[in-house]
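The values are calculated or read from the model by the stated rules, or taken from the named source; none is laboratory data. No experiment lies behind these values; they were computed from the predicted model shown. With ideal geometry, Cβ positions are generated from the backbone for all residues, glycine too; neighbour counts draw on all protein chains shown. Heads up: the accessible areas ignore ligands, DNA and RNA and are worked out on the full protein's heavy atoms, side chains in. Shrake-Rupley method; radii C 1.70, N 1.55, O 1.52, S 1.80 Å.
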Amino acid sequence: MIYSFERSTKKPTGDILKSIKVSAASFSVFCEELCGDRPWNVSQYRAGEWLVDFLCLIPIHIAITKENRFVPLTDGVYSPDLEKSLLGADVNRIVDSLSFGWYESLFQSYMASKPVKVVTSMGEQSVGKSFALNHLEALIVALDFEGVHSIERSAQEDTLLVLFNTAISNLVLFRNNFALSRDITGLFQSFQSSSTVLDPKANPSLFQSTLVIIIKDVVDSDKVEITKEFSLKFQRIVQDEQEANFISRLHAGKLNIIPWPVIESKEFYKLFPAVKKRLDQQAITHRAAGEFLHMMKTLMAKLKANDWGAMSQTMASHRAQLISTLMSNALAFGLAEIDPEREPLKNLDTDSPVELPDTPYQLFIAGGGAEQAASRERTLTVLRTAWDQHESRPYAPEQEWIEGLSNHLENIVNLRIAHVREWLDQNLSRFQAGHTSIDELRRNFENA
């Protein structure tokens, strides 16, 4: 059976499949072995890792283009009602409306602190883009785009998809059928058009990918000549467009051309490790999965809202707005949420709790949120009675007792302030100084 599989698929499997044992047993014998005291000779997996691996095998649709617009989907579904509710919405509101189904918790919790690399497969229709992605199993995020130059999409819709793809990816795989598509200039017109929309200099965290041109179905005798032909054509694009060429603007001048063998040959599969190695060599631009999720949602929201300003400014504004909504609870309780469940203050990019000591007591914040029902006097009474010397007032000098109480209250407040300040620092550190929304948030905290 193993030999037949290797012969029919021509996949190089090495010795991996040779260790597989195939056996048959009657149901009674199987039950005896299963229920007996003998150890099971079966594969074992961690339940959480197995579940995550299983979920990552299920793709989710994240966006479509429609009527020359970029339309993000929520949990893989297009909702006309949601689209209607977002008419005229600003980018921050659109970001908050986006969700990626089961991947949401993977990025925000399970893998929140892990760095992310993104590989994208593009090309004309029916050139094996999805097939290529399925053989790069070690990738954290793989984006598969519908073929460019589709008769179902306009040139502007192609441009929006290419812009999203090149902005967020670390490696862009563009598969091309050299026997049918020798017109490179026309084929990459959507790339050239998208290169003028967002300024790479104003968005240093974007456009850091290498463009890998995969020329499919090339026999050994044609490899050198085909590679030379495509190299000259791309050089001509650079010469014609000069500094505005898409290779320099969208991919920082990084381009590889790979002639790929025909699918029925063993050599077809041997190049996948080389592509994986090229991805490993790419610099990490998404330091944490939570950070990547925030960036991807923001980029999608900006494309939807036709906002072509700097990404850093938009992301800083959204982060400041989110922190502001949590600030009252943070100062009053030392928590991000108290209802329906208590949520600690966390680094929103890594999902790691802010590990600093804090008081368990609620503080009174003037003009606090609706969650804060206790009055100022009642809060002060609770804090005073928590002092281990609060009953010693009749037996101690008044001034000494008041100074002791003041020190007790000051220590409680200082613990809370230090905790919240560290929470702010962790969540704002990746944003450069000078963002108006970030500066205003810090001023509000200092004046609270």
Restricting to region 385-413, what's the tally of residues that are open to solvent by 80 Å² or more (accessible area, probe 1.4 Å) and either closer than 19 Å to residue 365 by Cβ or in contact (Cβ under 8 Å) with a residue 12 or more places away in the chain (or both)?
3
From the list 316, 330, 320, 288, pick out the single residue that is open to solvent by less than 10 Å² (accessible area, probe 1.4 Å), touching a Lys or Arg at 6+ places or on another chain (Cβ under 8 Å), hydrophobic (A, V, I, L, M, F, W, C) and under 28 Å from residue 91 (Cα atoms).
288
Filter region 421-446 for residues that are aromatic (Phe, Trp, Tyr), at pLDDT below 95 and not in a loop (DSSP other than H, G, I, E, B) and give the result.
445
With surrounded by fewer than 19 Cβ atoms within 10 Å (Cβ to Cβ) and within 28 Å of residue 65 (Cβ to Cβ) as the only criterion, which of 270, 228, 201 stands out?
201
Could you check how many residues of region 275-299 are in a loop (DSSP other than H, G, I, E, B) and among the hydroxyl-bearing types (Ser, Thr, Tyr)?
1
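Between 163, 106, 143, which is outside any loop (DSSP other than H, G, I, E, B), on the phi < 0 side of the Ramachandran plot, at pLDDT 75 or above and surrounded by 22 or more Cβ atoms within 10 Å (Cβ to Cβ)?
Checking each option against the conditions leaves just 163.
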Of the residues 234, 292, 246, 230, only one is among the hydrophobic types (A, V, I, L, M, F, W, C) and within 30 Å of residue 105 (Cα to Cα); which?
292
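Regarding region 251-258, can at least one residue be identified that is of a type in the set (Gly, Ala, Ser), under 16 Å from residue 200 (Cα atoms) and open to solvent by 10 Å² or more (accessible area, probe 1.4 Å)?
The first filter runs over region 251-258 and keeps only residues of a type in the set (Gly, Ala, Ser), leaving 252-253.
Subsequent filtering for residues that are under 16 Å from residue 200 (Cα atoms) retains 252-253.
Those left that are additionally open to solvent by 10 Å² or more (accessible area, probe 1.4 Å): 252-253.
The answer is yes; a qualifying residue exists.
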Just to be sure before I move on: is residue 116 β-branched (Val, Ile, Thr), in contact with a His (Cβ under 6 Å, 6 or more places away or on another chain) and either open to solvent by less than 80 Å² (accessible area, probe 1.4 Å) or modelled with pLDDT under 90 (or both) in the structure I sent?
yes
Exactly one of (1) buried (at least 20 other Cβ atoms within 10 Å of the Cβ); (2) over 16 Å from the mean Cα position of the chain (by Cα) is unmet by residue 299. Its number?
(2)
Of all residues in region 67-95 being of a type outside the set (A, V, I, L, M, F, W, C) and touching a residue at least 60 places away in the same chain (Cβ under 8 Å), which is farthest from residue 305 (Cα to Cα)?
68
Of all the helices (runs of 4 or more DSSP H) wholly in region 193-274, which have at least 3 residues that are in contact (Cβ under 8 Å) with a residue 24 or more places away in the chain and of a type in the set (Val, Ile, Thr)?
223-241
So residue 306 clears everything in (1) open to solvent by less than 60 Å² (accessible area, probe 1.4 Å); (2) over 24 Å from residue 415 (Cα atoms); (3) modelled with pLDDT of 90 or more except one condition, right? Which one?
(1)
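May I ask you to say which residue of 232, 173, 198 is under 19 Å from residue 121 (Cα atoms) and not basic (Lys, Arg)?
On the way: 232 fails: under 19 Å from residue 121 (Cα atoms); 198 fails: under 19 Å from residue 121 (Cα atoms).
It is 173.
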